[in-house]
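Beneath this line is the structure, given in structure tokens, with notes to follow.
The values are calculated or read from the model by the stated rules, or taken from the named source; none is laboratory data. This one's a predicted model, so the numbers in the text were calculated from it and none came from an experiment. For neighbour counting, all protein chains shown are included, and Cβ atoms are generated from backbone atoms with ideal geometry for every residue, glycine included.
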Ligand code: ZN
Ligand code: ZN
């Protein structure tokens, strides 16, 4: 089980127990999907502290965990008591998750236990997906391909970006998904906004439209971007589209185990720079996707981490020109022993509708 893999990492953080409260990390390590609860992972055993609402669910989902139901108002005390019973002296916590108030509440009842800040401890393990996770991500991606097909049959000039976004959200819900972020629909000049959430703007004939969307299916999300043209594309639209597509294909080809994130970024970025549009590509090439839509690892200018088989990462270069518009193309890939496998089947040539 995943908690077994995590407990071998405790020494590396100088702790003998880890308190896990971030929802995605809880799901990952225990399988428990409730909205409230804390895991305590130690070499000697695992505890899950939750409240009355979740006792039964936790018992069913979190195999291998000792489920403890805390009394009303005694959550923090109960967590620390369980940690003490498990022999913890240095308890790691998720520095990016706990609020100051929560930290102070744990500290007030810590007794002799030291609280130790850790950063991204579970997230590092989550970066490499196991077969069960890959299966879930593949299913989410397959459904997202179908959603794009639905988009191609629905989108038309005269429709507002928001109208289309609502259509997409409804489609996702009908097909068992839930949106994992506000759908980005940026048409015409709005395409220059890399994260332009759908607005009331009416989409016009002749405009490029960038659509960035994704949904959760069984707790794992997809993330996909396509840019289409409403009508015939002009020479400049074709030129920019082709540069972004070449960069995206180069990024996928470069994404190999053993390379650093920044090396993959630089190969794809180089394609755009060589055409003179480097200043219009201001974000990283990609990010990990799984239980969260943005997680470890990254393809970015700064990233020193080495790419490993089993990682699921987006490859999404873009060119954004203020006053003109933009193009982005995004796929998810899974890193294999030999290359990167694209998880979508949706076409990537410039679609003129
Ligand atoms: Zn995206
Ligand atoms: Zn993305």
Exactly one of 29, 19 is surrounded by 19 or more Cβ atoms within 10 Å (Cβ to Cβ) and not in a helix (DSSP H, G or I), and that one is 19
Checked 190, 138 against criteria (in contact (Cβ under 8 Å) with a residue 12 or more places away in the chain, touching a helix residue (DSSP H, G or I) at 6+ places or on another chain (Cβ under 9 Å) and assigned to a helix (DSSP H, G or I)); the one match is 190
Of the residues in the range 198-219, those that are in a strand (DSSP E or B) and away from ligand 2 (no atom under 14 Å from the Cβ) come to 202, 208, 209, 216, 217
Sole miss for residue 263 among (1) surrounded by 17 or more Cβ atoms within 10 Å (Cβ to Cβ); (2) in contact (Cβ under 8 Å) with a residue 12 or more places away in the chain; (3) away from ligand 2 (no atom under 16 Å from the Cβ) is condition (2)
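Specify the residue that is surrounded by the most Cβ atoms within 10 Å (Cβ to Cβ); the eligible residues are those in the range 166-190 that are more than 14 Å from ligand 1 (Cβ to nearest atom) and within 17 Å of residue 228 (Cβ to Cβ).
So, considering only residues that are more than 14 Å from ligand 1 (Cβ to nearest atom) and within 17 Å of residue 228 (Cβ to Cβ), the one surrounded by the most Cβ atoms within 10 Å (Cβ to Cβ) is 187.
Filter the range 66-101 down to the residues that are in a helix (DSSP H, G or I) and in contact (Cβ under 8 Å) with a residue 40 or more places away in the chain, then identify the one that is surrounded by the fewest Cβ atoms within 10 Å (Cβ to Cβ).
Keep residues of the range 66-101 that are in a helix (DSSP H, G or I), which gives 75-85, 100-101.
Imposing the further condition that a residue be in contact (Cβ under 8 Å) with a residue 40 or more places away in the chain reduces the set to 79, 82-83.
Numbers: 79: 25, 82: 22, 83: 26.
Looking at the filtered set, the residue picked out is 82.
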Practice item. Determine, yes or no, whether residue 167 is free of Cβ contacts under 8 Å to residues at least 24 places away in the same chain and not in a loop (DSSP other than H, G, I, E, B). Key: yes
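Is it fair to say residue 231 is at pLDDT 95 or above, surrounded by fewer than 17 Cβ atoms within 10 Å (Cβ to Cβ) and not in a helix (DSSP H, G or I)? Steps first, please.
On the way: at pLDDT 95 or above: yes; surrounded by fewer than 17 Cβ atoms within 10 Å (Cβ to Cβ): yes; not in a helix (DSSP H, G or I): yes.
For residue 231, the condition - at pLDDT 95 or above, surrounded by fewer than 17 Cβ atoms within 10 Å (Cβ to Cβ) and not in a helix (DSSP H, G or I) - is met.
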When you check residue 251 against the structure, is it part of a helix (DSSP H, G or I) and within 16 Å of ligand 1 (Cβ to nearest atom), yes or no?
yes
Restricted to the range 195-224 and to residues being under 23 Å from residue 352 (Cβ atoms) and within 16 Å of ligand 1 (Cβ to nearest atom), the residue surrounded by the fewest Cβ atoms within 10 Å (Cβ to Cβ) is 196
The condition of being at pLDDT 95 or above and in contact with a helix residue (DSSP H, G or I) (Cβ under 8 Å, 6 or more places away or on another chain) holds, among 8, 69, only for 69
Going by the structure shown, is residue 250 under 23 Å from residue 128 (Cα atoms), touching a residue at least 24 places away in the same chain (Cβ under 8 Å) and either surrounded by fewer than 16 Cβ atoms within 10 Å (Cβ to Cβ) or away from ligand 2 (no atom under 14 Å from the Cβ) (or both)?
no
(1) under 23 Å from residue 127 (Cβ atoms); (2) in a strand (DSSP E or B); (3) within 16 Å of ligand 1 (Cβ to nearest atom) all hold for residue 326 apart from (1)
Within the range 329-353, residues part of a loop (DSSP other than H, G, I, E, B), away from ligand 2 (no atom under 15 Å from the Cβ) and under 21 Å from residue 299 (Cα atoms) come out as 336, 337, 338, 339, 348
If we ask which residues in the range 309-323 are under 17 Å from the mean Cα position of the chain (by Cα) and in a loop (DSSP other than H, G, I, E, B), their number turns out to be 3
